[in-house]
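Visitor: Quick one: this structure, given as structure tokens, is what I'll be asking you about.
The values are calculated or read from the model by the stated rules, or taken from the named source; none is laboratory data. What you are looking at is a predicted structure, and each value in this text was computed from that prediction instead of being measured. Heads up, the Cβs are rebuilt from the backbone with ideal geometry, glycines too, and the neighbour counts pull from every protein chain shown.
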Amino acid sequence: MAMVPISWETLSRIALRAQELKLPVTMELGEVIALLIADEDTTAEGGWSHSGVYLPEGTALRFSYLGQAFDGIVRDGLLVFPDAADESPSKVVLESIRARGHEVASVNGWVAILAEVAHGGGRRWQKLSELRLLAQESARRA
């Protein structure tokens, strides 16, 4: 079984949400997380949620295209970059690239965007596609 480190803050939020939903205390953490991912209300506190991935409000984002850096943030349920904001990773990356004068037909925003997430007591940059895979694996195990 893969280990996914989470912060105490995240664990506390999971526990509080589990109490609100009156989930049994005997449930394993993976089962609780899978139910919370399925819960449509995960963006009520702000943040961004899509395909099982949840990024809290204020999460730093970045991607690069042809050597140009694009820095963004999660705000009000959107992925926000200086030239575009959208719920869809691919759409926000495409619009950001086009706003800088580049012609591009399509782009996979899930692979392009990196989010700064908690990891092992610190922080690290991780692709949205990797976070989605971890969420899918967690949901399958539950």
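Visitor: Quick one: in the range 124-142, which of the residues that are basic (Lys, Arg) and at pLDDT 90 or above is farthest from the chain's Cα centre (by Cα)?
Guide: That would be Arg124.
Visitor: Being hydrophobic (A, V, I, L, M, F, W, C), within 19 Å of Gly46 (Cα to Cα), free of Cβ contacts under 8 Å to residues at least 24 places away in the same chain and surrounded by 15 or more Cβ atoms within 10 Å (Cβ to Cβ) narrows it down to one of Ala115, Ala60, Ala84, so name that one.
Guide: Ala84
Visitor: Is one or more of the residues making up the range 93-110 under 17 Å from the mean Cα position of the chain (by Cα) and either among the basic types (Lys, Arg) or at positive phi (or both)?
Guide: no
One line per residue, one yes/no per condition, for (1) farther than 23 Å from Leu133 by Cα; (2) surrounded by 13 or more Cβ atoms within 10 Å (Cβ to Cβ); (3) not hydroxyl-bearing (Ser, Thr, Tyr):
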{"site": "Pro56", "(1), (2), (3)": "no, yes, yes"}
{"site": "Gly67", "(1), (2), (3)": "yes, no, yes"}
{"site": "Ser88", "(1), (2), (3)": "no, yes, no"}
{"site": "Val92", "(1), (2), (3)": "no, yes, yes"}
{"site": "Val107", "(1), (2), (3)": "no, yes, yes"}
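Visitor: Quick one: which residue in Val32, Val25 is more than 30 Å from Ala105 (Cα to Cα), exposed (fewer than 11 other Cβ atoms within 10 Å of the Cβ) and modelled with pLDDT under 60? Break it down stepwise before answering.
Guide: Details: Val32 fails: exposed (fewer than 11 other Cβ atoms within 10 Å of the Cβ).
Only one candidate passes the filter, namely Val25.
Visitor: Let me ask you something else. Counting only residues that are farther than 21 Å from Tyr65 by Cα and either aromatic (Phe, Trp, Tyr) or touching a Ser or Thr at 6+ places or on another chain (Cβ under 8 Å) (or both), how many does the range 122-135 have?
Guide: 2
Visitor: Given the conditions (1) closer than 23 Å to Gly46 by Cα; (2) out of contact with any His (no Cβ under 9 Å at 6 or more places or on another chain), report the number of the one that Leu128 does not fulfil.
Guide: Condition not satisfied by Leu128: (2).
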